[in-house]
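Here is the structure we will look at, set down as structure tokens.
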Amino acid sequence: MAAGHPNQRRRGCPDCWRDSKGWSVIRAYGLKHNFDLVARDARNRSMAVEVKWLSYKSGRGPNSEFQRFVGQCMLAAARHSAVLGICCVTGQRGKSFTVAERHLEKELEKKLNDKLDDVGVRLVVLRRGAVRRAG
């Protein structure tokens, strides 16, 4: 029976925590990568959830932090059957996009999401209180 099976769940289970490292952690480039939440079903299919809270600072976007978030989701896809990335971005840009820039942004977001969907990654980006799937 899988460690994540409902019959195996126990609050504060040290054995479950220890055993999950073998199937949930990604070891790559000499580093170990783990995720905010992992689960596995009785057929050993697993999913990972990565959550980030980012904000604009002095009108500047959290670009490097967002890139790290997407990279973590891609790392999770190397091992897990499904990956859900949830990112909340608060604050505002220092300048507004033109209509053409907003159109290009939507096209690029769709391409990014299509590529991520191909490897089993689904992003949800929350902006200024509104829920919106990226793309």
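The values are calculated or read from the model by the stated rules, or taken from the named source; none is laboratory data. All values reported here derive from a predicted model rather than from experimental measurement. Counting neighbours? That spans all protein chains shown, and the Cβs are built from the backbone with ideal geometry, glycine included.
Observations
- Filtering Val125, Val70 for residues that are in contact (Cβ under 8 Å) with a residue 12 or more places away in the chain, β-branched (Val, Ile, Thr), crowded, with 16+ Cβ neighbours inside 10 Å and more than 30 Å from Cys16 (Cβ to Cβ) leaves a single hit, Val125.
- Residues in segment 10-48 that are more than 18 Å from the chain's Cα centre (by Cα) and of a type in the set (S, T, N, Q) were compared, and the one that is surrounded by the most Cβ atoms within 10 Å (Cβ to Cβ) is Ser20.
- Meets criteria (modelled with pLDDT under 95, outside any loop (DSSP other than H, G, I, E, B), aromatic (Phe, Trp, Tyr) and in contact with a Leu (Cβ under 9 Å, 6 or more places away or on another chain)) for Phe35: no
- Residue ranges of strands (runs of 3 or more DSSP E) in segment 64-135 with at least 3 members more than 12 Å from the chain's Cα centre (by Cα) and modelled with pLDDT under 85: 130-133
- Candidates in segment 77-108 are the residues that are farther than 13 Å from Arg127 by Cβ and of a type in the set (Val, Ile, Thr); of these, the one that is surrounded by the most Cβ atoms within 10 Å (Cβ to Cβ) is Val83.
- With respect to (1) within 26 Å of Lys111 (Cα to Cα); (2) outside any strand (DSSP E or B), the lone exception for Asn44 is condition (1).
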